[in-house]
Amino acid sequence: MKDRTIRVVLFDVGGVLVETSGVATMLAWMEHRVSTEKLWKMWLTSPVVRAFETGKMSADEFADQVIAGFGLPVRHEEFLREMATWSRTFFPGAVALVERIPSRYLRATLCNSNSIHWPYLMQNERFANAFVHHFASHVIGKIKPDEAAFRHVVDVLRCDPQEVLFLDDNEINVLGAKTVGMKAVRVKGIAEATRALIALDVIAD
């Protein structure tokens with residue numbers, strides 16, 4: 001699987017480097033009426049989520065519309081309080097794994113994020129500085145799995161899609177990256193990300 005054409009290693013954040021605790025909370029609120037995969041599809045394709053995570057909607061409006069749209073049995077204040085705790089915990093060894101990637105590769109993130117979660121993550125200076133560029137959806141105004149998000153990355157980094165290795169925990173996003181020509185691998189957590197990077201000879205075993 002060695003591939004010498006890779007120049008950019010592009011990471012999703014939630015589910016790859018950071019624990020996505022919100023999934024369990026949402027499933028509990030929904031009394032497990034849907035599977036994890038179904039919930040992710042609902043979340044990633046929701047017009048409300050897309051508006052919030054591209055910076056086009058306030059947190060208050062987002063909370064009200066998600067509660068109504070997903071049929072959640074919680075109040076506005078509780079939803080926002082719980083959401084503020086989601087996606088805040090780095091998996092052990094997450095940043096160390098990124099730092100293992102040799103300097104000949106450009107390291108970047110592409111994640112669907114928002115004004116609640118992203119500022120907290122960026123307080124971790126080691127994480128922030130481990131990458132040459134961060135592409136957060138609410139900042140760039142583009143969101144996965146849309147082709148526009150992936151094309152924005154290659155335009156800014158001035159590379160060909162074929163030179164990008166993208167790691168993400170959601171199949172819908174992996175397919176989106178492949179659509180534009182990126183090499184993309186579905187990984188969940190640090191162990192799977194490590195195995196993928198070793199298999200492609202990006203880092204040594």
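The values are calculated or read from the model by the stated rules, or taken from the named source; none is laboratory data. Keep in mind it's a predicted model, so treat the numbers as computed, not measured. Virtual Cβ from ideal backbone geometry, glycine too; neighbours counted across all protein chains shown.
Here are the numbers:
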{"read-out": "Filter result for the condition that a residue is crowded, with 19+ Cβ neighbours inside 10 Å, out of contact with any Asp or Glu (no Cβ under 8 Å at 6 or more places or on another chain) and within 30 Å of residue 197 (Cα to Cα), over 49, 98", "value": "98"}
{"read-out": "Any hit, region 182-190, residues being buried (at least 19 other Cβ atoms within 10 Å of the Cβ), out of contact with any helix residue (DSSP H, G or I) (no Cβ under 6 Å at 6 or more places or on another chain) and either free of Cβ contacts under 8 Å to residues at least 60 places away in the same chain or not assigned by TED's automatic domain parsing to the domain that holds residue 92 (or both)", "value": "no"}
{"read-out": "From the options 127, 135, 131, residue that is in a helix (DSSP H, G or I) and either touching a Leu at 6+ places or on another chain (Cβ under 9 Å) or crowded, with 17+ Cβ neighbours inside 10 Å (or both)", "value": "127"}
{"read-out": "Selection from region 1-24 of residues that are within 13 Å of residue 168 (Cα to Cα) and either of a type in the set (Lys, Arg) or in a loop (DSSP other than H, G, I, E, B) (or both)", "value": "12, 13, 15, 16, 17, 20"}
{"read-out": "Qualifying positions in region 64-81 - in contact with a Phe, Trp or Tyr (Cβ under 9 Å, 6 or more places away or on another chain) and either touching a residue at least 40 places away in the same chain (Cβ under 8 Å) or closer than 25 Å to residue 171 by Cα (or both)", "value": "66, 70, 71, 72, 73, 74"}
{"read-out": "Residue check, residue 143 touching a Pro at 6+ places or on another chain (Cβ under 8 Å), under 30 Å from residue 61 (Cα atoms) and not assigned by TED's automatic domain parsing to the domain that holds residue 59", "value": "no"}
{"read-out": "Given (1) touching a residue at least 60 places away in the same chain (Cβ under 8 Å); (2) buried (at least 21 other Cβ atoms within 10 Å of the Cβ); (3) aliphatic (A, V, I, L, M), number of the condition residue 200 does not satisfy", "value": "(2)"}
{"read-out": "Any pair with Cβ under 6 angstrom, 6 or more apart, that starts in region 46-63 at a residue that is in contact (Cβ under 8 Å) with a residue 60 or more places away in the chain and ends at one that is surrounded by 13 or more Cβ atoms within 10 Å (Cβ to Cβ) and of a type in the set (A, V, I, L, M)", "value": "50/143; 53/143; 54/143"}
{"read-out": "Selection from region 93-121 of residues that are aliphatic (A, V, I, L, M) and under 14 Å from the mean Cα position of the chain (by Cα)", "value": "94, 108, 110, 121"}
